[in-house]
Amino acid sequence: MYNILKNHIAKFAEVSDSDFEQIKKYFDIKETCKKENLLKEGQICRHHYFVLEGLLRKFYINEKGTEQTTEFAIETWWLTDNFAYENQLATEFFIQAVEKSTLLYITSENQQKLLEKFPVMERYFRFVYQRAYAAAQKRIKFLFSFSKEEFYFQAVRNHPEFIQRVPQYLIASYLGFTPEYLSEIRKRLLS
């Protein structure tokens, strides 16, 4: 299981086998059930999750009482409430397993110790955060540049395997649609 993390680190930073044996001690493994909440609104955000297997989502409850999904994480993706995690604050989000999942997680305290002991991991996490920031920028651009239909079509074109894997009501939540509206769009796409 840890080899998945090792291979992911190797994409961005060089870590020896002996160093990795020490690095992995900073992480813990967690198995989740489908729909299990890892973080709830109001809790202190103590963990940063790395998906070994499965699918997570981050969402909040909007003013209408509806779940608004803001992010997903599949294999080799990281997920947390970055602001609350970095500052050890209560979160405004939920993090939930969409599927039965196997995760590695690290606490903020352990991440700080890891970075002090293995400075090369600073490079790794810099790339992780840069990619997350770039994805957020792209999503914001899509939200402002495309109609709802175009936004959905972009998602289908760019991530077809992801769109097929995630339940439609969660895709609707992520795109800011009602599930009924997404069904209409999908019907038009098929006809």
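The values are calculated or read from the model by the stated rules, or taken from the named source; none is laboratory data. As the structure is a prediction and not an experimental result, all values here were calculated from the model. Every residue, glycine as well, gets a Cβ built from its backbone with ideal geometry; the counts of neighbours run over all protein chains shown. Each accessible area value is taken on the protein alone, full model and side chains, heavy atoms only, with ligands, DNA and RNA left out. Shrake-Rupley method; radii C 1.70, N 1.55, O 1.52, S 1.80 Å.
The requirement of being of a type in the set (Asp, Glu), assigned to a loop (DSSP other than H, G, I, E, B), open to solvent by 30 Å² or more (accessible area, probe 1.4 Å) and within 25 Å of residue 3 (Cβ to Cβ) is not satisfied by residue 63. Condition check for residue 70 on (1) on the phi < 0 side of the Ramachandran plot; (2) hydroxyl-bearing (Ser, Thr, Tyr); (3) modelled with pLDDT of 95 or more; (4) not in a helix (DSSP H, G or I): one failure, at (3). Can you work out which of the residues in the range 156-167 that are modelled with pLDDT of 85 or more and either more than 22 Å from the chain's Cα centre (by Cα) or outside any helix (DSSP H, G or I) (or both) is nearest to residue 71 (Cα to Cα)? Per the stated criteria, the residue is 166. Selection of the range 95-135 for residues being out of contact with any strand residue (DSSP E or B) (no Cβ under 8 Å at 6 or more places or on another chain) and under 30 Å from residue 155 (Cα atoms) yields 99, 123, 124, 125, 126, 127, 129, 130, 131, 133, 134, 135. The residue list 189, 115, 170, 104 contains one member that is in contact (Cβ under 8 Å) with a residue 24 or more places away in the chain, closer than 28 Å to residue 40 by Cα, hydrophobic (A, V, I, L, M, F, W, C) and assigned to a helix (DSSP H, G or I), which is 170.
Of the residues 153, 127, the single one that is touching a residue at least 12 places away in the same chain (Cβ under 8 Å), within 18 Å of the chain's Cα centre (by Cα) and in a helix (DSSP H, G or I) is 127. For first residues located in the range 1-27 and in contact (Cβ under 8 Å) with a residue 60 or more places away in the chain, partners that are among the small types (Gly, Ala, Ser) and assigned to a helix (DSSP H, G or I) and lie 6+ apart or on another chain with Cβ distances below 7 Å do not occur. For the range 18-38, check the following and say yes or no: at least one residue is touching a Gly at 6+ places or on another chain (Cβ under 8 Å) and either assigned to a helix (DSSP H, G or I) or open to solvent by less than 80 Å² (accessible area, probe 1.4 Å) (or both). The answer is yes, given that some residue of the range 18-38 is touching a Gly at 6+ places or on another chain (Cβ under 8 Å) and either assigned to a helix (DSSP H, G or I) or open to solvent by less than 80 Å² (accessible area, probe 1.4 Å) (or both).
Per the conditions (1) among the aromatic types (Phe, Trp, Tyr); (2) open to solvent by 30 Å² or more (accessible area, probe 1.4 Å); (3) over 17 Å from residue 30 (Cβ atoms); (4) in contact (Cβ under 8 Å) with a residue 60 or more places away in the chain, the sole criterion not satisfied by residue 83 is (4). For the range 173-185, a residue qualifies if it is in contact (Cβ under 8 Å) with a residue 24 or more places away in the chain and part of a helix (DSSP H, G or I), and the qualifying residues are 173, 174, 175, 181, 182, 185. Scanning the range 123-143 for residues that are modelled with pLDDT under 85 and of a type outside the set (Lys, Arg) yields a count of 2. Test residue 186 against the criterion of being open to solvent by 50 Å² or more (accessible area, probe 1.4 Å) and either more than 26 Å from residue 35 (Cβ to Cβ) or in contact with a strand residue (DSSP E or B) (Cβ under 7 Å, 6 or more places away or on another chain) (or both), and give yes or no. Spelling it out, it is not the case that residue 186 is open to solvent by 50 Å² or more (accessible area, probe 1.4 Å) and either more than 26 Å from residue 35 (Cβ to Cβ) or in contact with a strand residue (DSSP E or B) (Cβ under 7 Å, 6 or more places away or on another chain) (or both).
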